[in-house]
Amino acid sequence: MARPLTVAVLFSGRGSNLENLIRHFHGKRFDTKEVRILPVTNRPEAPGIALAARHGLKTRLLDHRNYESREAFDTALAALLEGERPDLVVLAGFMRILTPRFTDRIEAINLHPSLLPLFKGANAIEESFASGMKVGGVTVHRVTSELDGGEILAQRCVPIEPGETLETFTRKIQAAEHTLLPEVIADLLDLTETKESL
Ligand code: GRF
């Protein structure tokens, strides 16, 4: 059996997307390929660490507060990832703006809870909900040093129905994320067998 495909998943908080990816991919075989998820966080208090542990996975922690500058942290994070030789790096709720120290060395994709290029930044769900638009959505895009600005790989619309609340809309956004991100990862890693089960 060849070395497993490694998907590094970077997160900063709750980790529902991390857990969803673990459920979809970790330890699973797709034809001759096996996938392993490598959780990575910048926050020791991130609830996602316990979620990963429940699935038997240890999270690599690089606390950004231990670094004197954004660039120093980004350099260390790039070095950590290079050492793990991941086949794919996925940002899923990783709440850091990344500088070229990282983006010039590491190719990654990011999940964002709006239809980019609308509503970039940390309050995308709230801004999308308050916009008066009849749809919001989710995007997976390549990571560059421009916040939420790289090439769009896939998007899914989420209707904003009459009477919708921020809570119900948020749940629909999360459900769309939990479907779209595994689909994009399966495509990028050519895990064709997974598609029926997604
Ligand atoms: C997701 O909505 C993601 O799009 C955004 O942060 C949230 C992370 O959620 N960037 P979780 O930590 O995966 O539950």
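Since every read-out is calculated from the coordinates, none of them should be taken as a lab result. The model shown is predicted, which means the values in this text are computed figures rather than measured ones. Because the Cβ atoms are built from the backbone with ideal geometry, glycine has one as well, and the counts that use them run over all protein chains shown.
Give the value in nm², to one decimal: projected area of the alpha carbon convex hull of segment 108-186, averaged over all directions.
4.7
Considering only lysines 8 or more places apart in sequence, or on different chains, count the pairs in the chain whose C-alpha atoms sit under 19 Å apart.
Close lysine pairs found across the chain: 6.
Out of all DSSP beta bridges in the chain, what portion is antiparallel? Express it as a percent rounded to 5.
Around 45 percent antiparallel, to the nearest 5.
When a/c is below 1.5 the answer is rounded, else prolate if a/b is larger than b/c, else oblate, so apply that to the chain with a ≥ b ≥ c taken from the square roots of the Cα gyration tensor eigenvalues.
Oblate is the answer for the chain, as a/c is 1.5 or above yet b/c matches or exceeds a/b.
If you put +1 on each Lys and Arg Cβ and -1 on each Asp and Glu Cβ, how big is the dipole of segment 1-107 around its Cα centre, in Debye rounded to 20?
It works out to roughly 380 debye.
With the dipole of segment 110-192 worked out from charges on the C-beta (+1 for Lys and Arg, -1 for Asp and Glu) around the Cα centre, which of P113, V138, F169 lies farthest toward the positive end?
F169
I need the helices of the chain that pass two filters: whole DSSP H segments spanning 24 Å or more by Cα along the axis, and mean Kyte-Doolittle score no lower than -0.5.
166-188
What order, most packed first, do the peptides 14-27, 74-87 have when packing is the mean number of other Cβ atoms within 10 Å of each residue?
Taking the mean over residues of other Cβ atoms within 10 Å, the ranking is 14-27, 74-87.
Note down the magnitude of the dipole of the chain about its Cα centre, charges +1 on Lys and Arg C-beta and -1 on Asp and Glu C-beta and zero elsewhere, to the nearest 20 debye.
Approximately 520 debye in magnitude.
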